[in-house]
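Okay, so here's the structure we're looking at.
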Amino acid sequence: MYVLRQSLHGILALAMLFLSACASPAVVENMIVTPQDLGDISPSPDFEDGIAIVPVDTGKETNSLLSVKVDNESFQKALSASLQQNGLLAVSQSLSKFDLFANIESLNQPLFRGDFKVTSNIKYRVVERETKITWYEELISASYTTAHTGNELPVGGMRLAKEGAIRENIIEFFKRLPMKNPPDISGAAETLSEPNPLTAIQKLHDLQRSLDDGLIKKEEYILKRDQILNNL
């Protein structure tokens, strides 16, 4: 009876450790993708300095019994920093060429494994702002495993696994994005409305603010200003 009681206590302690690990918040820095992570993969010129993230809030939770949670704000920050470090992030929403919608569909970890393995499923959609045409849309699945150290449970193993699963997913997105051929927009170009002067004024205002805040250099400001004016 004593042995059974001790075994139950051990199982309960392991379950509590598992649940507390699931609830621990993710560290944004550990989910950021750097150019070194991509190796020889180069971002497509079509998306260079042209992507802005559109916040997505589906109300879904990822903290069920067999799930681990990464809050949407942390994910958005990691994705934004990853885009910036790889030359894909636009200066501002109004100056972007593409809108990126990204949402964590699920983060799952099998129960009672010999290691900490988390699988992330994230849906990405890239839409050209001018034409509203979708250039890229895909649900990507990626996994990361934090192995045990000897017979001991790794400290922060679950948190490291979920951070790694998010990072690996973003890496896979960056690798697949340049492989997609641009959509045929020849027909859509004929249906575009006339340039809106008010939209151009807002873009010029945002561009000036980016220059004043030191986010862009004078040369880039002049180039983008001339592009906006030439499109009128």
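Just so it is clear, none of the values below were taken in a lab; they were calculated from the coordinates. This structure is a prediction, so every number in the text was calculated from the model and none was measured. Counting neighbours? That spans all protein chains shown, and the Cβs are built from the backbone with ideal geometry, glycine included.
Just to be sure I understand the model, the point goes 7 Å from the Cα along the line to the Cβ. What's the resulting PHE101 to ASP40 distance in nm?
It is 3.6 nm.
Grab the Cα-Cα distance for ARG176 and ILE201, subtract it from 0.36 nm times how many residues apart they are, and report the gain in nm with one decimal. Please report the intermediate quantities before stating the final value.
Values: separation 25, 0.36 × 25 = 9.00 nm, distance 3.50 nm.
So the chain would gain 5.5 nm between ARG176 and ILE201.
Using the Karplus equation 6.51 cos²θ - 1.76 cosθ + 1.60 (θ = phi - 60°), what ³J(HN,Hα) coupling, rounded to whole Hz, does each residue of segment 215-230 give in order, writing x for Gly and Pro?
With the stated coefficients, segment 215-230 comes to 7, 9, 8, 4, 5, 5, 4, 5, 4, 5, 4, 5, 5, 5, 5, 5 Hz.
At a 10 Å Cβ-Cβ cut-off, how would you order PHE174, PHE101, fewest neighbours first?
Ranked by crowding around the Cβ, least crowded first: PHE101, PHE174.
Can you flag which of LYS69/LYS123; LYS180/LYS224; LYS69/LYS97; LYS97/LYS224 are past 22 Å Cα-Cα?
LYS180/LYS224; LYS69/LYS97
Where does each of 120-128, 43-51, 206-214, 134-142 land if you order them by average Cβ count within 10 Å, highest first?
Top of the packing list down: 120-128, 43-51, 134-142, 206-214.
Which residues' amide hydrogens lie under 5 Å from the amide hydrogen of ALA26, considering only partners 5 or more residues apart or on another chain, with H built in the peptide plane?
The answer is ASP71.
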